Structures are given as C-alpha cells and as structure tokens.
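See structure below.
The values are calculated or read from the model by the stated rules, or taken from the named source; none is laboratory data. None of the values given here were measured: they were computed from a predicted structure. Cβ atoms come from the backbone with ideal geometry, glycine included; neighbour counts cover every protein chain shown.
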Amino acid sequence: MIISVKSKNGEVREADLYSREGSRLVTELWIKSSFHHKVMYEPTWLGIPIIQYPNDIVMMQELIWKLRPDVIVETGVAHGGSAVLYASILELIGKGKVIGVDIEIRKYNRLAINSHPLSRRIELVEGNSTAPEMIDEIRSRIPARGEVLVVLDSNHSYEHVISEMELYKEFISPGGYMVVMDGIQEMLSDTPSGNKEWEHNNPLAAIREFLYRHTDWEEDSYYVRTQITCNPSGFLRRKEE
C-alpha cells in the first residue's frame, strides 16, 4: 500500500505504508491531526490534567526511573499533571522532589496540587524562569551534590527556550539530562490550529543552536523511539567527562 502526502509547498511525498518512511509519514499526519483536535489535553495523571501524549508520559517515566534524581526542576507547571507524574515516580523510588516553576500559578491549579496526596514531593515557585533571582532560588533548593533532571516546558519561543537552556544547564551533572518539550511546534506550523511563526520560532531551533554551541551535550534518540512524541530531539544528555 502506497501513501501520498502533499506538503504546504506542493511537494509530494510517497512511501510504502509498511516501510520506515511510510511509518514516519503516518506518524506525522497523526500528530498534526491529533494536535488540531487537542488530543494531548485528554490524559490526566492521578486525577490532574497533564497535557502530554501517553508515549511521552511513558518515556519520562523510563528516564526518571533510570536516573533516580534527587531533584526534578520543571519550568511550566500549567495544571500540574506533569509535576504529579514526576512526583509519583519519585515516590516509588523513595526519594526526591519536584520544583515546579511558572510565571503564574493559577489559584485552582495551586489548590489542586497542594491538596494532592503527592504534594509533599512538590515545591511550587512563582516567577519568571529566566530571571536571575529565580535561578538563585532554584539553586538554594538543590542539595549539595544532588542529582538534577531539568524539564523545560514553559514559553516555547526560540529566545526563551535558548535562554532557559543556557541558564539551567549548570544544574546537570555529566551523564545527566535536560528535556526540552514541544519541539514538535516546527512540524505543526502549517496546521489549521498552528502558527506560521512556529516554522522558525520554536524549541527545536533552540535545541539545534544549543547543541551547536555546546559539544559536551548530545541528543539521546532512545527516548523518542516510539515516534509519536511532542519532543523530537528534546532529550539532551550531558556527556560523561
């Protein structure tokens, strides 16, 4: 079976459905359609909306279980589902906390998080994630020699993401990870619900620039092996010394 996809510039891509290229085309089409229909808003984690695809939820679980970090720093809290996901894995591990940073934590989201059974593993900090005082605040909450996982999921513009990456890389030890969410925006720029600006102004552009600047970091494609992901090239590993 041959599938055919016409891009916005008129280019036609064809592939056998059961080939690797065919699989990539089907995946791309599903992601575009599911984004338009807001499928990622459907899942919850332990009662809290998480705004992630199930595949990405599973991959984050794998990474946290592997790293067993002392602290997970997440920029962009939203409803709090991701923070609760990370806290639930840390609870099973038996240690660790989540520091959730957001420029605005809405009243009812804060109430839902603070009243959750896993709230003891979550610390909420309101403010600009790239402000110097915020970096100082986060630094003060990380124990000496603590292993840190950073997840960047706030403002998805190129400038903000590259600023976050440069600031938060200091918290990652060799062998550790920084996960940059929603690089998929580049692919979604031509969808009815997308934004043409996303074609150039997106987290994936920031990831490419960061990897160009810092040769001691690398992309780990293992965590996007299921193909359906909002985070292409987003799992970044600091190389061992």
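Have a look at Gln52, Gln61 and point out the one that is under 19 Å from Cys230 (Cβ atoms), at pLDDT 95 or above, under 16 Å from the mean Cα position of the chain (by Cα) and surrounded by fewer than 19 Cβ atoms within 10 Å (Cβ to Cβ).
It is Gln61.
Can we say Gln61 is part of a loop (DSSP other than H, G, I, E, B) and either touching a Gly at 6+ places or on another chain (Cβ under 9 Å) or assigned by TED's automatic domain parsing to the domain that holds Thr226 (or both)?
no
Of Ile142, Ile99, Ile135, which residue is in contact (Cβ under 8 Å) with a residue 24 or more places away in the chain and crowded, with 19+ Cβ neighbours inside 10 Å?
Ile99
Could you grab me the full set of residues in segment 217-241 that are over 25 Å from Trp30 (Cα atoms) and assigned to a loop (DSSP other than H, G, I, E, B)?
Correct list: Lys239, Glu240, Glu241.
Go through segment 64-85 residue by residue and tally those that are part of a loop (DSSP other than H, G, I, E, B) and small (Gly, Ala, Ser).
Looking only at that region, the number is 3.
Can you tell me how many residues in segment 195-209 are in a helix (DSSP H, G or I) and either surrounded by 20 or more Cβ atoms within 10 Å (Cβ to Cβ) or within 15 Å of the chain's Cα centre (by Cα) (or both)?
6
Take segment 229-241 and flag every residue that is surrounded by fewer than 17 Cβ atoms within 10 Å (Cβ to Cβ) and at pLDDT 95 or above.
Result: Lys239, single match.
Let's see how each residue does on (1) under 30 Å from Ile135 (Cα atoms); (2) in the same structural domain as Glu186 (by TED's automatic domain parsing); (3) of a type in the set (Phe, Trp, Tyr):
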residue	(1), (2), (3)
Ile2	no, no, no
Gly10	no, no, no
Trp30	no, no, yes
Ser33	no, no, no
Leu46	yes, yes, no
Val77	yes, yes, no
Val84	yes, yes, no
Glu104	yes, yes, no
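Tally up the residues in segment 17-38 that are in contact with a strand residue (DSSP E or B) (Cβ under 6 Å, 6 or more places away or on another chain) and touching a residue at least 12 places away in the same chain (Cβ under 8 Å), please.
Counting residues in segment 17-38 that are in contact with a strand residue (DSSP E or B) (Cβ under 6 Å, 6 or more places away or on another chain) and touching a residue at least 12 places away in the same chain (Cβ under 8 Å) gives 3.
Yes or no: segment 184-191 includes at least one residue that is modelled with pLDDT under 95 and either of a type in the set (Gly, Ala, Ser) or part of a strand (DSSP E or B) (or both).
There is at least one residue in segment 184-191 that is modelled with pLDDT under 95 and either of a type in the set (Gly, Ala, Ser) or part of a strand (DSSP E or B) (or both).
Given the structure, is Tyr41 among the aromatic types (Phe, Trp, Tyr) and either buried (at least 22 other Cβ atoms within 10 Å of the Cβ) or in contact (Cβ under 8 Å) with a residue 60 or more places away in the chain (or both)?
Criteria not met by Tyr41.
Pick from segment 24-37 the residues that are surrounded by 13 or more Cβ atoms within 10 Å (Cβ to Cβ) and over 18 Å from Asn231 (Cβ atoms): which of them is nearest to the chain's Cα centre (by Cα)?
His36
Pick from Glu209, Glu123, Glu147, Glu199: which is free of Cβ contacts under 8 Å to residues at least 40 places away in the same chain, over 21 Å from Lys38 (Cα atoms) and charged (D, E, K, R)?
Glu123 is the lone residue from the list that is free of Cβ contacts under 8 Å to residues at least 40 places away in the same chain, over 21 Å from Lys38 (Cα atoms) and charged (D, E, K, R).
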